[in-house]
Every structure is written in structure tokens, then in C-alpha cells.
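One structure below.
Every read-out reported here was derived from the displayed coordinates using simple, explicitly stated rules and does not represent laboratory data. As the structure is a prediction and not an experimental result, all values here were calculated from the model. In this analysis, Cβ positions are derived from the backbone assuming ideal geometry, glycine residues included, and neighbour counts consider all displayed protein chains.
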Amino acid sequence: MLADLDERFRDAVQKFWDSRARQQQRQVDSGRIDAGTRGAVTGGAQMGALEVLLTDVLVDAGLDPSHVKVRAALELPGYYRPEKKWDLLVVVDGQLLAAVEFKSQVGPSFGNNFNNRTEEAIGNAEDIWTAYREGRFGKHLAPFIGYFFLLEDNERVHTPIRNVEPYFPVDPIFAGASYAKRYEVLCDRLVLERKYSATCLTLATNSTPTKITFPSPGLAFRRFAATAEAHIRAFINGQDHAVS
């Protein structure tokens, strides 16, 4: 693992906030929108530093940098749809080794966005694993499928939310759960149900310097990166044995 992983992760998260601020300001200066958040949302490329960091982790594990895709050629075939664009792919000699999603949610709206993110995460996982089962990626070992989520850390995401239960009670784990807790349950269960190989839930304040926390050690970036790294090392070691 990279010796400066934690420091570089903090820097990458800070760059996420800095990028959002620059994109929003450019939109405001151009006069196209007001000083809301839409300019930051539509600017794109905010996760670039995080993608570079994970790429460096995989390269440090022995992967050829040319096998990691983060800007172009990111489409993979699906089962329920022709293709889906991921945020980071690792493809070696016609074999899919890894596919990773980098997602975020920033206030002020959290309610509807939580449901949308949940449906998106589950749907993407179902689609890619079914495509894998159907041989869309060849007859190879299962790939690493990762889900990284950055949630703005503020008072609102820790406020208990009342559930609407007109007919049936919700799962007790969601009783009074805040949005931060709901995302924690989501990320835990995505791995528990084998929808993803690993998930990371990062809570970060929109400040300079940003303050970063993880709900649990199992959802920390170091654990996420270590799981991806181990998958790549296992593939490389397998290649070495096959050659010898």
C-alpha cells in the first residue's frame, strides 16, 4: 500500500471541494446561473484526484498504468441495457479486472437523492453481475466491483429522519436513522449481499481544511483500496504462476 495513502486521500477530498467551488464560480461569473449549487453539480471531473489515487494504488500493486481507464473508453456492456459508463476500469488482455463508481452527494437536498442513489447503486450492480454471468466479459474470474461514496458532512445529515409507514413498518435498523446512517446501512448491505466487492463511505465537511470521517473501519478508504489492491495482486500472481 502507498506509504502516503492517508495524506493523499485527504488532499484528493479537498480537491473535490475546491473543484466544485471553481466550477460554480465560473458559472456565476459567466452569468448563466445564479449562485446556487447547480453549477458545481454539472461541472464534472470533481472526483479526478480520487480516481488518480486509486489508479496509483493499483499501479503500485504491479498493474501496467495503460490498463487503467479513467477518462475515456469507460463503457461496459450490460444485461438490461446495451452499455453503462463507469468511472474507472481495469481491462487486461480482454479480461475485466475492475470497475469502480465514484459518487457524491452534497446538500441541501438529501431526501430524494438518497433514494435515487440507492436505486442507481443496486441497479448498476445487478446489471453488471448479470452481464458477467452471461459471458459479456469472457469466461474469467469475477472482477472487483467497487462503490465509492462521498457525503457532505453537516448537521443535516446527522438529524434523525421520520419514516412514513402507512401500512407496514420499515426495517428497525432505519428507525430514526439519519441520512448518514442510511448511507452506512446501504454501503454495508451492498457488500453483505455481494452487490459490490467493496464500498467506501466518506463523510467530509465542505471546508478548508476538510474534516474526514468514516462511519466504520469497514467503510474506510484504506480498506476499500486494500481490497482492490489485493484483487489486482492475485491476478498478477496468477499470471506469473501460469508463465512459470
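The table for this structure:
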| quantity | calculated |
| --- | --- |
| Overall Cα dimensions of the stretch 111-244 - principal axes, largest extent first, Å | 59, 43, 21 |
| Option label - Kirkwood radius over Cα pairs in Å computed here, alternatives [x] 17.8; [y] 19.3; [z] 22.9 | [y] |
| Amide H contacts of residue 200 (H built 1.01 Å from N, under 5 Å, at least 5 apart or other chain) | 147, 148, 149 |
| Length added when fully stretched, residue 234-residue 79, from 0.36 nm per residue minus Cα-Cα | 53.1 nm |
| ³J(HN,Hα) computed for each position of the stretch 208-219 - Karplus, 6.51 cos²θ - 1.76 cosθ + 1.60, integer Hz, glycine/proline x | 10, x, 6, 9, 10, 9, 10, x, 7, x, x, 10 |
| Two-site FRET efficiency, residue 208 against residue 167, from Cβ-Cβ distance with R₀ of 51 Å, rounded to 0.05 | 0.60 |
| Value at 222 nm in deg cm²/dmol, rounded to 500, when DSSP H runs of n ≥ 4 in the chain each add -39,500 (n - 2.57) | -14500 deg cm²/dmol |
| In range of the label at residue 174: residues from the stretch 112-156 whose backbone nitrogen is under 19 Å from the point 7 Å along Cα→Cβ | 112-126 |
| Cα-based helix-to-principal-axis angle, 5-30 vs the chain, degrees rounded to 10 | 60 |
| Taking 200, 187 and counting other C-beta atoms within 10 Å, the order from fewest to most | 187, 200 |
| Across 85/195; 15/211; 15/195; 69/139; 84/195; 85/139, pairs whose alpha-carbon gap is larger than 19 Å | 15/195; 69/139; 85/139 |
| Cα-based helix-to-principal-axis angle, 111-133 vs the chain, degrees rounded to 10 | 10 |
| Rough spin-label spacing in nm, given labels placed 7 Å along Cα→Cβ, for residue 72 and residue 139 | 3.4 |
| Between helix 48-60 and the chain: long-axis angle, C-alpha atoms, 0 to 90°, nearest 10 | 30 |
| Most fluctuating residue given options 125, 73, 180, as computed from a GNM of the chain linking Cα atoms under 10 Å | 73 |
